[in-house]
Amino acid sequence: MKKLRDHKIENILIKNKISQKIIYLTARIILHLFIISFCIIWVIPTLGLLVSSLRTKEMIRTTGWWTAFSPPFRFTLSNYLKVIQTGNMGISFINSLIIAIPSTVMPILIASYAAYAFTWMDFKGKRAIFLIIIGLLVVPLQITLIPVLKLFNFFKLTGTFAGIWIAHCAYGLPFAVYLLHNFFKQLPNEIFDSAFMDGATHFQIFFYLVLPVSLPAFASLCIFQFMWVWNDLLIALIYLGGSPEVAPVTVTISNLVNSYGGGWEYLTSAAFISMILPLMIFFTLQKYFVKGILSGSVKE
Amino acid sequence: MNTAKFLLIISAVLGVPLILTFYLYITEKTVLLFNYKSRKKVRPWLWLMPAFLLLLIFIIYPVFNTLVVSLMDKNSRGFIGFKNYIYIFTDREMLLALRNNFLWVLFFTSVTVVLGLILAVLTDRVSYEKISKAIIFLPMAISFVAAGVIWKFMYEYKPPGSVQIGTINAVMTAVVQGAEPKAWLFDKTYNNFALILVGIWIWTGFCVVVLSAGIKGISNDLIEAAKIDGANEFQIFWRIILPLLKPTLIVVATMMFINVLKIFDIIYIMTNGALDTEVIANRMYKEMFIFRNFGRAASIAVVLLLAVIPAMIINLKKEGK
């Protein structure tokens, strides 16, 4: 009798185990399906743009971009040539570089001096000034546009690269100081103490000790600031105006949108040109980009 | 490319670091002129000066100047009191912009944060976590301008009967029998939501990355212990992960809130505020450059600033700890 009952219980247990396993497997399948389909949906818009930019004008207008994957496979680079030559995208690409490189280097160096002072020097009002910088982190840029534009008009800086460099530099500072100060704080103090004992100056400590060990933080910050400046539209629109000679890619594309509302062959290829550099940075230096975002938002 | 521009690049790339290094060198030399006791007092200010001056001229002074300008007429000549503010809260277009910003804040913030949380929790459980997170995060690398073009193309509308080249209308008419294609950006009942979706597409990845890092920071021992005590996945999520993730969630939600208040590029590119899609940042741009009314533009900026003050206080409190 007892044996039989044990057998029954065992059966139930096995059945339970099987049904548990089935539940677990279905849950896993749903999980995979959800994530994979989400990723596909997320990538489709960009994919559609890339594919369309490689198709002829007639094809874009008469068929969906997904039909490009079935024969006849007809792809062309002519849209890119056209938009670079006649759409001002070639010049704009260079303009974007001219704007973005100094606008990245300048604020980071200046911020690193300030962060160094905040971390390793003592002075009156240090805490108050640092708190002001924290407060400035969230100030909407819009509040600065009118006075700065007036200032630029007065000093004839409107429409010049120098003007936009300084503006981007100032706007990037609060975040850069904040992030670098957070990084410097974690560095072990002993090294600095012994460097001081050996008679090193602050200048030497900064360039030979702090800079080399902070390279990861600088890399994150560089990528962050570069992406932000490269992708910016508002500041370029306001301080550079619409002149094609100085317009970065974002401004040129917005002009193209206004003039060729339905000219998808221009818009798609222009948009992709503007995305190439950020995408390359993203794929090669993603680690640093993510680190920058994390250290800016989550304090460890 | 002309030579002038080429020279400009070279001199900027080399010149900027050189000048700034030279500044520090001069600073240290200047400090040596003081006696030993004063050096400690003078040095920090010289190291701070470039950053401090820039912040003063480009952010701090403008805040106060804008406050003053917002109380003046369109050319900043005469003092008109709160008239610009009264205009903001009574004009039909402005009220519409305020309503739309409210819609943006509500839907953009909640969807990005909730979706980000769900995806962060779920991707944590699969072997291809890195790739899937990278894909979701990818739109962050793209400018809003390019994203605007991408989604204008996604929403492209052709009259019923003709071939739909816009992905969304094509999928919709193919999947749902007899469904009519929709002019997503033109129909006033849903064009705002079509725009908000673009913002969500861009920013969800950001939330996933930050929240995922937060989840990874939760100690594994705690979760293991809960499992041994017989807690199921849902209990672990609600009772352990969620409470411990609360600080990160607040940070992410605050950042999304600040982002969305200033939302400009997407609207400027996709509709330019036509057909009831106006938002306040775009309206401010128009007041500045189309209507040439600096007083009104300034008062809009002040409203934006007032809206972020709670976030500012949260940040300062956190830093004060």
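The values are calculated or read from the model by the stated rules, or taken from the named source; none is laboratory data. Quick caveat, the model's predicted, so the values are computed rather than measured. Cβ coordinates were reconstructed from backbone atoms using ideal geometry, including for glycine residues, and neighbour counts include every protein chain displayed.
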Residues of the range A:172-192 satisfying the condition of being within 12 Å of chain B (Cβ to nearest Cβ) and surrounded by 20 or more Cβ atoms within 10 Å (Cβ to Cβ): A:Gly172, A:Leu173, A:Pro174, A:Phe175, A:Ala176, A:Val177, A:Tyr178, A:Leu180, A:His181
Of all residues in the range A:147-160, how many are at pLDDT below 90 and of a type in the set (Val, Ile, Thr)? 2
Enumerate the pairs (first residue in the range A:62-84 and within 13 Å of chain B (Cβ to nearest Cβ) and within 27 Å of B:Gly161 (Cα to Cα); second residue anywhere and in a helix (DSSP H, G or I) and hydroxyl-bearing (Ser, Thr, Tyr)) with beta-carbon separation below 6 Å, excluding pairs fewer than 6 apart on the same chain, so at least 6 apart or on different chains. A:Trp65/A:Ser52
Restricted to the range B:35-67, and to residues that are of a type in the set (Ser, Thr, Tyr) and surrounded by 14 or more Cβ atoms within 10 Å (Cβ to Cβ), which residue is farthest from the other protein chains (Cβ to nearest Cβ)? B:Tyr61
A:Val229 being within 10 Å of chain B (Cβ to nearest Cβ) and of a type outside the set (Gly, Ala, Ser): no
Among (1) part of a helix (DSSP H, G or I); (2) buried (at least 22 other Cβ atoms within 10 Å of the Cβ); (3) more than 10 Å from chain B (Cβ to nearest Cβ), there is one condition A:Ala270 misses while meeting the rest; what is its number? (3)
Counting only residues that are crowded, with 16+ Cβ neighbours inside 10 Å, hydroxyl-bearing (Ser, Thr, Tyr) and more than 23 Å from the chain's Cα centre (by Cα), which one in the range A:115-171 is nearest to the other protein chains (Cβ to nearest Cβ)? A:Tyr116
The helices (runs of 4 or more DSSP H) lying entirely within the range B:220-321 that contain at least 3 residues which are buried (at least 21 other Cβ atoms within 10 Å of the Cβ) are B:242-261, B:265-270, B:280-289, B:294-320
Given the conditions (1) more than 7 Å from chain A (Cβ to nearest Cβ); (2) in a helix (DSSP H, G or I); (3) among the β-branched types (Val, Ile, Thr), which single one is not true for B:Thr90? (2)
Listed residues B:Ser38, B:Ser76; which is touching a residue at least 24 places away in the same chain (Cβ under 8 Å) and outside the structural domain of B:Ala298 (by TED's automatic domain parsing)? B:Ser76
Give the range A:240-260 a look and list any residue that's away from every other protein chain (no Cβ under 11 Å) and part of a helix (DSSP H, G or I), or say none. A:Leu240, A:Ser259
Which one of B:Phe82, B:Phe102, B:Phe89 is in contact with a helix residue (DSSP H, G or I) (Cβ under 8 Å, 6 or more places away or on another chain), more than 30 Å from A:Ile166 (Cα to Cα) and surrounded by fewer than 13 Cβ atoms within 10 Å (Cβ to Cβ)? B:Phe89
Residue list for the range B:89-102, filter: out of contact with any Phe, Trp or Tyr (no Cβ under 8 Å at 6 or more places or on another chain) and within 20 Å of B:Ala274 (Cβ to Cβ): B:Asp91, B:Arg92, B:Glu93, B:Leu96, B:Ala97, B:Arg99, B:Asn100, B:Asn101, B:Phe102
